[in-house]
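S.K.: Could you have a look at this structure, given as structure tokens, before my questions?
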Amino acid sequence: MKTFFTSVLFCTIFAFQQKGFADTVNGEKIFSANCSACHLGGNNVIMPDKNLKEDVLEANGMKSQDAIIYQVTNGKNAMPAFGGRLSDSDVQDVAAYVLEQAGKGWD
């Protein structure tokens, strides 16, 4: 029985480490340290029409964790690539945080 519970615990921990189970608390910290200079409150000080609001993300095909992960990792236009600066899990956490905040209206 002990082996069964150990296996269940391992599988649960492993599942939460996989894509889709990001840490939005860590995402907020990473966002604040790396993204908020340009994207405070979901705005965009460089290209105001390319903000992180839900409707704009959707209109630009960016309302998915995969799309945001790609953008943060590789950069685009004036946005630098963070792939060499942030770990994959930190980028995943930022993406989850951005989607969570966009859904809340960046309150």
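The values are calculated or read from the model by the stated rules, or taken from the named source; none is laboratory data. Note that the coordinates shown come from a computational prediction; the quantities given were computed from them, not determined experimentally. Neighbour counts are summed over all protein chains in view; Cβ atoms, including those assigned to glycine, are modelled from backbone coordinates with ideal geometry. Accessible surface areas use protein heavy atoms only, side chains included; no ligands, DNA or RNA. Shrake-Rupley method; radii C 1.70, N 1.55, O 1.52, S 1.80 Å.
S.K.: Which net charge results for the neighbourhood of residue 36, defined as the other residues with beta-carbon distances under 12 angstrom from its beta-carbon, given Lys and Arg at +1 and Asp and Glu at -1? Please report the intermediate quantities before stating the final value.
M.R.: On the way: positive: 29; negative: 28.
Result for the neighbourhood of residue 36: 0.
S.K.: Starting at the first residue of region 61-76, write each ³J(HN,Hα) from the Karplus equation 6.51 cos²θ - 1.76 cosθ + 1.60 with θ = phi - 60°, in whole Hz, x for Gly and Pro.
M.R.: For region 61-76, the Karplus-derived couplings read x, 10, 8, 8, 4, 4, 5, 5, 4, 4, 5, 5, 5, 9, x, 5 Hz, x marking Gly and Pro.
S.K.: Taking the Cα-to-Cβ direction at residue 85 and at residue 37 and moving 7 Å from each Cα, how far apart do the two end points lie in nm?
M.R.: Taking the simple label geometry, residue 85 and residue 37 are separated by 0.6 nm.
S.K.: On the full set of protein chains, 1.4 Å probe, figure out the accessible area of residue 50 and give it in Å² to the nearest 10.
M.R.: 90 Å²
S.K.: To make sure I understand the rule: partners must be aspartates and glutamates, Cα under 12 Å from the Cα of residue 53, and not fewer than 8 residues away in the same chain. Which ones qualify?
M.R.: Partners found: 100, 107.
S.K.: Could you calculate the contour length gain from residue 59 to residue 25, that is, 0.36 nm times the residue separation minus the distance between their Cα atoms, to one decimal place in nm?
M.R.: Full extension of this stretch gives 9.6 nm more.
S.K.: Would you work out if region 29-107 is rounded, prolate or oblate? Take a ≥ b ≥ c from the square roots of the eigenvalues of the alpha-carbon gyration tensor; rounded if a/c is under 1.5, else prolate when a/b is larger than b/c, oblate otherwise. The partial results should precede the final answer.
M.R.: Details: a/c = 1.34, a/b = 1.26, b/c = 1.06.
Rounded, because the longest to shortest axis ratio a/c is under 1.5.
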